[in-house]
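The structure appears right after this line, and notes come after that.
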Amino acid sequence: MKWSFKLGEIAGIGIYVHATFLLLLGWVALSYYIAGQSIAMIVNGVAFLLALFGIVVLHELGHALTAKRFGIQTRDITLLPIGGVARLERMPDDPKQELWVALAGPAVNVVLAAVLYIAIGLTSGPPSLSNLSMVSGDFWEKLLWVNVSLAAFNLLPAFPMDGGRVLRALLAMRMDYVRATQIAAHVGQGMALLFGFIGLFYNPFLVFIALFVWMGASQEASMVQMKAALG
Ligand code: ZN
């Protein structure tokens with residue numbers, strides 16, 4: 001991907017960060033600085049960001065390592081503001097395999113959330129997710145919340161989220177792959193419009209996410225259409 005910088009390599013897969021991810025970094029750093037204006041607060045913010053990085057990478061490795069079981073290699077993993085992208089050598093042809101590969105990412109977050117829930121429950125009583133914000137609240141409870149939201153967000157039935165692939169895989173078991181992609185892409189673009197509209201009134205960050213979702217949906221649709229035309 002253009003405008004990406006390499007961070008390292010895990011299991012032979014290059015881990016990259018996209019330049020737009022810096023916007024998110026800046027936003028978190030600024031929020032922590034405004035909230036605390038102390039070294040401890042900034043250290044806390046950096047630790048939270050590193051944990052966030054780790055969680056996203058683990059999510060993508062979930063996809064990559066599941067794909068590997070079906071004999072598909074991963075070229076690289078790139079971190080974007082809305083999450084990570086694992087670029088597989090090819091998508092599985094079998095809808096059942098695509099379903100497993102797509103579900104493996106959110107499954108990692110579900111497992112991490114369950115482990116955090118139990119660990120917090122054992123050490124300091126049942127976690128409360130009600131009064132958390134990005135800069136305040138218990139560090140581990142925030143990570144629990146991050147995993148729950150990542151699982152939920154990624155399972156939205158819209159490209160380029162995993163839920164879009166789950167939807168296409170389920171549709172493709174009953175119909176032609178191109179048709180299944182078109183339907184899934186339309187659902188994704190409908191969702192992007194909804195996000196954008198809600199974002200205009202409540203949260204500008206949502207408009208930004210809507211743009212990514214819209215681009216991801218149309219990219220997926222045109223890629224599959226081109227492949228079908230060539231084939
Ligand atoms: Zn994913």
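Below are the figures for this structure:
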item	result
Among 189-201, 1-13, the order from most to least packed when residues are scored by Cβ within 10 Å on average	189-201, 1-13
Dimensionless Rg over Rh [the range 97-231; C-alpha; Kirkwood]	1.08
Protection proxy ranking, peptides 110-117, 63-70, average beta carbon neighbours within 10 Å, highest first	63-70, 110-117
Kirkwood Rh and Cα Rg combined as Rg/Rh, the chain	0.98
Residue with peak Gaussian network fluctuation, the chain [Cα springs, cutoff 10 Å], from Gln182, Gln73, Gln37	Gln37
In order through the range 189-194: 3J(HN,Hα) via Karplus (6.51 cos²θ - 1.76 cosθ + 1.60), integer Hz, x for Gly, Pro	5, x, 5, 4, 4, 4
Potential lengthening between Phe197 and Ala19 on full extension [0.36 nm per residue; Cα-Cα distance subtracted]	61.5 nm
Zero-based 5 Å bins, Cα pair distances in the range 21-123, whole percents	2, 12, 17, 17, 15, 14, 10, 6, 4, 2, 0
MRE, 222 nm, helices only [DSSP H, n ≥ 4, -39500 (n - 2.57), over the chain, to nearest 500]	-23500 deg cm²/dmol
Theoretical FRET efficiency, 1/(1+(r/R0)^6), r = Cβ-Cβ of Arg174 and Asp138, R0 41 Å, to 0.05	0.35
Largest to smallest principal axis extent of the C-alpha atoms in the range 63-156, angstrom	45, 26, 21
Inter-label distance, nm, simple model (7 Å from Cα along the C-beta direction), Trp3/Ala119	3.5 nm
Estimated vicinal HN-Hα couplings, Hz - the range 140-150 in sequence order (Karplus 6.51, -1.76, 1.60; Gly, Pro = x)	6, 5, 5, 5, 4, 4, 4, 5, 5, 5, 5
Cβ-based net charge around Gly105, under 10 Å, with every Lys or Arg adding one and every Asp or Glu removing one	-1
Under-5 Å amide H pairs with Tyr16, H placed in peptide plane, nonlocal only	Leu7, Ile77, Thr78, Leu79
Cβ-Cβ FRET estimate between Lys227 and Ala35, R0 fixed at 45 Å, reported to 0.05	0.40
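Read-outs: derived from the displayed coordinates by stated rules, not from any lab. None of the values given here were measured: they were computed from a predicted structure. We place every Cβ from the backbone using ideal geometry, glycine too, and count neighbours over all the protein chains shown.
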